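What follows is one structure encoded as structure tokens, with my remarks underneath.
The values are calculated or read from the model by the stated rules, or taken from the named source; none is laboratory data. For clarity, every value in this text was computed on a predicted model and none was experimentally measured. Quick reminder, even Gly has a Cβ in these numbers, built from the backbone with ideal geometry, and neighbours come from all protein chains shown. Side chains included, ligands, DNA and RNA excluded: accessible areas come from the protein's heavy atoms. Shrake-Rupley method; radii C 1.70, N 1.55, O 1.52, S 1.80 Å.
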Amino acid sequence: MSALYETAARNMQQNGFLDLEVDPTMDLVAAINQLKKEKNAVILAHYYQESEIQDVADYIGDSLGLSQQAASTDADIIVFAGVHFMAETAKMLSPNKKVLLPDLKAGCSLADSCPPHLFRKFKEKYPDHVVVSYINCTAELKTLTDICCTSTNAVQIIESIPKDQPIIFAPDKNLGAYLVKKTGRDMVIWNGACMVHEIFSHEKIVKLRNRHPNAKFIAHPECEAHILDMADYIGSTTGLLKYTMKDSAMEYIVATESGILHQMQKSSPHKTFIPAPPDNHCACNDCPHMKRNTMEKLWLCMQHELPEIVLEDWVIEQGRASIDRMLEVSAQAGLLG
Ligand code: 13P
Ligand code: SF4
């Protein structure tokens, strides 16, 4: 069995303890806060986590902010309330720390849409191109990447590359198409997408806007072009949140995962936030991967210090440079997630 499969098998075993019963009368917030102190642990949560997890976290942010925190924390344990690629990124940035993910099966359809063995072959066809990868990709894909980006810094990352240098952009075709439009750079784009951001219904959004003529329509750049073309503002989760705080409108239709509405509502309690309607019958735009994490799993994971993110040394050595470069360009541009 290869080392990679051994790691995967151990991780599957690690997830087994999630079946343990948690006393339903336990004050999970108090218990989690106690474990944070005892273990010198920090909880980093993405905006798409359920609201209880956001409220118990030490830091809530987008992918850039979470990477910046993971690189700078002095905690002994990073508990990552997010998905697998985010926890892997934290491990690459802080390889000597223990990085925990409440549910190892919290994956990402976008990261899965770009298997490294296929991307390696694809890349061979363009030997003179540099590879820019959206951070929503596996650690192994980062080893094939020159520089990462997030939705907050993607424009600055592309613009930091000399104009005559050809670029491959992976794995998100929607963000890639948006960047081509925004920067005027012609890039070779991998054909991947996020299942949550591809689900919005153009027709239902038009109808909703007709019913709420004063509402602004705001969207994440992982959405398809025909959705982005309707938007009053396009931005990362942090960008969308900041926009709703500064802008004068009182109502917003929000085309991204619904978890962000919790911080929007907390920051602007007097405003109304409406999740953009998806093209399905359950009217749900939750990310099933993000929502695998629960308060119970968060407590169990901190109690048992499992499941732990384990990466092979070569992955950290060859993948980290692409994240460091991204953080350098972001710092030069004064960008915070
Ligand atoms: P940001 O929070 O960086 O905008 O990313 C959105 C996302 O899809 C994370 O999985
Ligand atoms: Fe991945 Fe999309 Fe879920 Fe983000 S929202 S974790 S990109 S599947």
Residues that are buried (at least 21 other Cβ atoms within 10 Å of the Cβ), at least 2 per element: which helices (runs of 4 or more DSSP H) completely within the stretch 53-163 meet that?
63-72, 84-93, 109-112, 139-142, 154-159
Can you tell me how many residues within the stretch 227-248 are open to solvent by less than 10 Å² (accessible area, probe 1.4 Å), among the hydroxyl-bearing types (S, T, Y) and within 15 Å of K216 (Cβ to Cβ)?
1
When the stretch 204-216 is examined, which residues are found to be over 17 Å from T272 (Cβ atoms) and either touching an Asp or Glu at 6+ places or on another chain (Cβ under 8 Å) or in a loop (DSSP other than H, G, I, E, B) (or both)?
K204
All conditions in (1) more than 16 Å from ligand 1 (Cβ to nearest atom); (2) buried (at least 23 other Cβ atoms within 10 Å of the Cβ) are true of A170 except (1)
The conditions are (1) open to solvent by less than 50 Å² (accessible area, probe 1.4 Å); (2) out of contact with any Gly (no Cβ under 9 Å at 6 or more places or on another chain), and M290 fails exactly one of them. Which is it?
(2)
Residues being in contact (Cβ under 8 Å) with a residue 40 or more places away in the chain and β-branched (V, I, T) - total across the stretch 180-214:
4
Which ones in the stretch 41-52 are part of a strand (DSSP E or B) and within 16 Å of ligand 2 (Cβ to nearest atom)?
L44, A45, H46
Which of the residues that make up the stretch 249-274 are in a loop (DSSP other than H, G, I, E, B), under 15 Å from A219 (Cβ atoms) and open to solvent by 20 Å² or more (accessible area, probe 1.4 Å)?
S258
Taking the criterion of being of a type in the set (V, I, T), over 19 Å from the mean Cα position of the chain (by Cα) and at pLDDT 95 or above, would at least one residue in the stretch 240-259 satisfy it?
yes
Can M302 be described as out of contact with any Cys (no Cβ under 6 Å at 6 or more places or on another chain), buried (at least 18 other Cβ atoms within 10 Å of the Cβ) and farther than 29 Å from S201 by Cα?
yes
Within the stretch 295-307, does at least one residue satisfy the condition of being within 16 Å of ligand 2 (Cβ to nearest atom) and either of a type outside the set (D, E, K, R) or part of a loop (DSSP other than H, G, I, E, B) (or both)?
no
Pairs under 6 Å by beta carbon, first residue modelled with pLDDT of 95 or more and open to solvent by 60 Å² or more (accessible area, probe 1.4 Å) in the stretch 25-47, partner aliphatic (A, V, I, L, M) and not in a strand (DSSP E or B), six or more apart or different chains?
V29/V56; N40/A75
Every listed condition ((1) basic (K, R); (2) within 16 Å of ligand 1 (Cβ to nearest atom); (3) farther than 24 Å from I205 by Cβ) holds for K291 save (3)
Those residues of the stretch 188-220 that are closer than 21 Å to D146 by Cβ and either crowded, with 19+ Cβ neighbours inside 10 Å or under 16 Å from the mean Cα position of the chain (by Cα) (or both) come to a total of 3
